[in-house]
Amino acid sequence: MDYYNYIKSFHLIFVITWFAGLFYIPRLFVYQIEAFHKPSPEKEILGKQLKLMANRLWYIITWPSAVLCTVFAIWLLIINPYWLQQPWMHVKLVFVLLLFIYHLKTHQYFKQLQNDVVKKSSSFMRIWNEGATFILFAVVFLVVLKSGINWVWGIIGIIVLGVLIMLGFKLYKSIRDKNPEA
């Protein structure tokens with residue numbers, strides 16, 4: 001089973017690159033939405049460049065990372081099916097399902113923006129950007145602590161994280177409103 005750690009390493013590498021893509025793509029959406037509302041020719045110039053950046057990030061990094069992360073995860077579970085008997089793994093898999101739902105919804109936003117369909121605000125995308133953060137926190141704590149049992153502390157932690165993120169978002173928005181270049 002010497003190869004187990006290699007497979008695990010590849011799984012972790014692709015988890016990291018998948019999350020990197022999921023963290024950055026909504027930021028590009030923010031810029032795309034804001035560029036969409038600018039006057040010509042700035043709108044077209046920025047829009048074209050941001051679409052290209054988003055397309056490359058999404059199809060060259062994020063999607064392949066999601067697929068490879070999943071392949072290596074399944075491989076790890078085949079090698080060690082014991083993990084599927086662990087309660088914390090069941091909880092983790094629920095969060096992984098939520099991550100795939102988040103990814104697919106993000107893909108919908110990506111396709112809309114690639115077609116110049118702006119249905120969401122840049123503020124919405126700033127908040128949307130935090131979805132992957134919540135899932136990452138939950139999964140890392142589950143994997144490291146191997147415990148999905150203490151729901152009270154877990155729920156309190158997620159609520160505190162959400163409050164801190166929202167306060168940070170409001171603070172940043174007020175700073176940005178005072179200084180649009182921030």
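If you check residue 45 against the conditions, is it assigned to a helix (DSSP H, G or I), out of contact with any helix residue (DSSP H, G or I) (no Cβ under 7 Å at 6 or more places or on another chain) and closer than 20 Å to residue 140 by Cβ? For residue 45, the condition - assigned to a helix (DSSP H, G or I), out of contact with any helix residue (DSSP H, G or I) (no Cβ under 7 Å at 6 or more places or on another chain) and closer than 20 Å to residue 140 by Cβ - is not met.
Across the range 103-119, the qualifying residues are those that are in contact with a Lys or Arg (Cβ under 9 Å, 6 or more places away or on another chain) and free of Cβ contacts under 8 Å to residues at least 40 places away in the same chain, and the one among them that is nearest to residue 28 (Cα to Cα) is 112.
Number of residues in the range 52-79 that are exposed (fewer than 13 other Cβ atoms within 10 Å of the Cβ) and either outside any helix (DSSP H, G or I) or not hydroxyl-bearing (Ser, Thr, Tyr) (or both): the value is 6.
Yes/no matrix, rows are residues, columns are (1) crowded, with 17+ Cβ neighbours inside 10 Å; (2) at pLDDT 80 or above:
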site	(1), (2)
100	no, yes
106	yes, yes
135	yes, yes
148	yes, no
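Within the range 173-182, being free of Cβ contacts under 8 Å to residues at least 12 places away in the same chain and not in a loop (DSSP other than H, G, I, E, B) holds for 174, 175, 176, 177, 178. Counting the residues of the range 12-34 that are among the small types (Gly, Ala, Ser) and surrounded by 18 or more Cβ atoms within 10 Å (Cβ to Cβ) gives 1.
Residues that are out of contact with any helix residue (DSSP H, G or I) (no Cβ under 6 Å at 6 or more places or on another chain) and farther than 23 Å from residue 99 by Cβ: does the range 15-29 have at least one? No, the range 15-29 contains no residue that is out of contact with any helix residue (DSSP H, G or I) (no Cβ under 6 Å at 6 or more places or on another chain) and farther than 23 Å from residue 99 by Cβ. For the range 85-122, the candidate set comprises residues that are in a helix (DSSP H, G or I) and of a type in the set (D, E, K, R); within that set, the residue that is farthest from residue 51 (Cα to Cα) is 92.
Do the conditions hold for residue 73, that is, is it at pLDDT 95 or above and of a type in the set (Gly, Ala, Ser)?
In short, yes.
Does residue 82 meet the test of being of a type in the set (Ser, Thr, Tyr) and either farther than 24 Å from residue 28 by Cβ or not in a helix (DSSP H, G or I) (or both)? Against the criterion (of a type in the set (Ser, Thr, Tyr) and either farther than 24 Å from residue 28 by Cβ or not in a helix (DSSP H, G or I) (or both)), residue 82 qualifies. Looking at 6, 31, 59, just one residue is modelled with pLDDT of 95 or more, among the hydroxyl-bearing types (Ser, Thr, Tyr) and closer than 12 Å to residue 110 by Cα, and that residue is 59.
The values are calculated or read from the model by the stated rules, or taken from the named source; none is laboratory data. Every value quoted in this text rests on a predicted model; they were computed, and no experiment measured them. Every residue, glycine among them, receives a Cβ derived from its backbone with ideal geometry; neighbour counts consider all protein chains shown.
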